[in-house]
Amino acid sequence: MPSVKRQTQEDYDIAEPRASAMIESLRAFGYNIQTAIADLIDNSISAEAKNVWLTFFWDGSDSYMSIRDDGRGMTEEELVNAMRPGSQSPLEQRNPNDLGRFGLGLKTASFSQCRRLTVASRHKGCEVAIRRWDLDYVNQTDQWRLLRSAAKGSDGRLTGLKEMAKGTIVLWECMDRMVGDARTDDRRAQEHFLDTVEKIENHLAMVFHRFLEKRSPLKIWLNDSCVEPWNPFLADEKATQMLPEEKFCVGGENLIVQPYVLPHHSKIDSNKYARAAGIKGWNAHQGFYVYRNERLLVAGDWLGLEFKKEEHCKLARIQVDLPNSMDSDWNIDVKKSGARPPASLKADLRRIAGLTRKKATEIYRHRGKAIARQVSASYSYLWEQKVKHGKTFYRLNRKHPLVEAVLSEGENLTLKLKALLRLVEETVPVPLITLNSTEHPYSQTQPFEGVHAEELIGIISEVLDTLLKNGWTIEESKGCLSGMEPFQKHEDLIVVALERYQNQEDR
Ligand SMILES: Nc1ncnc2c1ncn2[C@@H]1O[C@H](COP(=O)(O)OP(=O)(O)OP(=O)(O)O)[C@@H](O)[C@H]1O
Ligand SMILES: [Mg+2]
């Protein structure tokens, strides 16, 4: 951080935010009730809760929502700090599993929906501590007065903690945004309330599906029914295609991209297909799915990469996994409901999106005609992209079977070869490639495009020979070649190379 010049008291005024104005402004971060509840569950997950119980209680304008968890809870001092807007600086390094960043979510999510936020929490071995923000009271007093008790008549809504050794309850009352001043017998308002609860359930099933699917899963209970996960990728379906996974190393951390093409509807059970459509339907749910620490931030979006959502691309869904150390690169906001990729990754993401869309269109148009299923584990890259000090460079993958095999030949050869590889790597004409691909995105040839089949068979045979000499079986070599870029697109030529090898052996 840049050093700040020492100032004397004459040099400055203290301009504290006005409590009444500021607390009302904190309501306007743009949450809806689904994203607001998800933000509270983030906190429960960060506190290592195993269960989260949500209660929505209809009583007209006195309706309330409570969310209780069995996480680590807070001491009284921690609770007071947690209730403070800006309880922790976004610049502080966080535990890798922490879903928080800004020190705001508990307050901004809650105020977006209600005028009274009460939190009761118990840390192991401590008494239950209670604090409350009452927006009307802050408005009246124009001071940040955090009340030390629940509102009159609300204690009964916080009793759930009594039998628990640790945990937290967040209680929303005066939910003006969801119920306004509706009367208890207002049927339409009650129906709206129930519909909203269903929307919340679907949203949580999607956003937290990875936590709900774990071997020892998080359980989210909504008015006593357990939320079932919604997984966007249908990875267990035979007809789902996993395209090659790609890894990008940014500042020493990995970003992993895994594209999927989901099955044509004729290839799966109609109920499964209907459920896989998602809350907003197939068309809206195409694109990238960005996960931050396993938590879904974006559920189908082309991330401003100049692609439109189109019917024929609806089967394309691309999973992106980022750690929380990339928050500022990806412009993660307080609501955790959006992300924008950094400029350095846009070209690669555009390339991956383009390829996935193309495959998805083939499946959409050809009614699911079988295209060889590629499993990422058996896929071999020749090039790896790395980023150091904000600069991108490319390395040949030393674990690629061919590179590995050649490098394990004699020492003399290895030294020469290593020098050659480094030379190739250091002289990749990146600026030229970038310039050409931005100016003429469709004018670059694909690997071995227009090359005579015989030449390609010759190269495949060389790789095959190397693999066999290094102890691979015929079957293993075949599998390896079928997953090796760019041979995976030439299954027929791999078969020819194998046949020729076997004929030679038989002679
Ligand atoms: N359910 C909970 N259990 C235990 N501690 C909690 C719980 N909810 C909030 N806290 C504590 O309160 C702090 C403030 O939460 P808040 O959601 O306002 O900010 P954050 O999670 O740190 O960041 P973000 O603004 O990104 O959500 C958390 O950092 C955590 O220490
Ligand atoms: Mg939070």
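The values are calculated or read from the model by the stated rules, or taken from the named source; none is laboratory data. All of these numbers come straight from a predicted model, not from anything done at the bench. Ideal geometry is used to build each Cβ from the backbone, glycine not excepted, and the neighbour counts take in all protein chains shown. Just the protein is used for accessible areas: all its heavy atoms, side chains included, with ligands, DNA and RNA removed. Shrake-Rupley method; radii C 1.70, N 1.55, O 1.52, S 1.80 Å.
Taking the Cα centroid of the range 22-64 and of the range 283-343, what is the distance between the two, rounded to the nearest whole Å? One Cα centre to the other: 23 Å. Here the relative contact order of the chain, from alpha carbon pairs under 8 Å that lie six or more residues apart, stands at 12 percent.
Of Arg122, Arg422, Arg317, the residue with the largest accessible area leads and the full order is Arg422, Arg122, Arg317 (1.4 Å probe). Applied to the range 305-312, the Karplus parametrisation 6.51 cos²θ - 1.76 cosθ + 1.60 on θ = phi - 60° returns per-residue 3J(HN,Hα) values of 9, 6, 10, 9, 7, 10, 3, 6 Hz, with x for Gly and Pro.
Probe radius 1.4 Å, ligands and nucleic acids ignored: give me the carbon and sulfur share of the accessible area of the chain as a rounded percent.
Taking all protein chains in place, the chain shows 50 percent carbon and sulfur surface.
When the expected Rg is taken as 2.2 N^0.38 Å, what fraction or multiple of it is the alpha-carbon Rg of the range 450-507? Working shown, then result.
Details: Rg = 10.7 Å, N = 58, 2.2 N^0.38 = 10.3 Å.
With N residues counted in the range 450-507, Rg over 2.2 N^0.38 Å equals 1.04.
Rounded to two decimals, the Cα-based Rg/Rh of the range 241-378, with Kirkwood Rh, is 0.97. Short-range pairs are left out: with C-alpha atoms under 8 Å and at least six residues apart, the relative contact order of the range 450-507 is 39 percent. At a probe radius of 1.4 angstrom, the accessible area of the range 241-378 per residue rounds to 43 square angstrom. Once the convex hull of all Cα atoms in the chain is built, its volume per residue stands at 225 Å³. For the listed peptides 445-458, 300-313, 60-73, 14-27, a ranking on the average number of other beta carbons within 10 Å per residue, highest first, reads 60-73, 300-313, 14-27, 445-458.
Mean sequence separation of contacting Cα pairs (under 8 Å, at least six apart), scaled by the length of the range 241-378, corresponds to a relative contact order of 30 percent. Going by the alpha-carbon gyration tensor, a ≥ b ≥ c the square roots of its eigenvalues, is the range 19-226 rounded (a/c under 1.5) or, if a/c is not under 1.5, prolate (a/b greater than b/c) versus oblate? Note, shape of the range 19-226 comes out rounded.
Over the range 19-226, accessible surface divided per residue gives 48 Å², non-protein components excluded, 1.4 Å probe. Ordering Trp383, Trp133 by accessible surface, largest first, gives Trp383, Trp133; the 1.4 Å probe counts only protein heavy atoms, with every chain in place. Accessible area per residue for the range 450-507, computed on protein heavy atoms with a 1.4 Å probe, is 59 Å².
Highest mean first, how do 238-244, 279-285 rank when packing is the count of other Cβ atoms within 10 Å averaged over residues?
Numbers: 238-244: 18.3, 279-285: 15.4.
Top of the packing list down: 238-244, 279-285.
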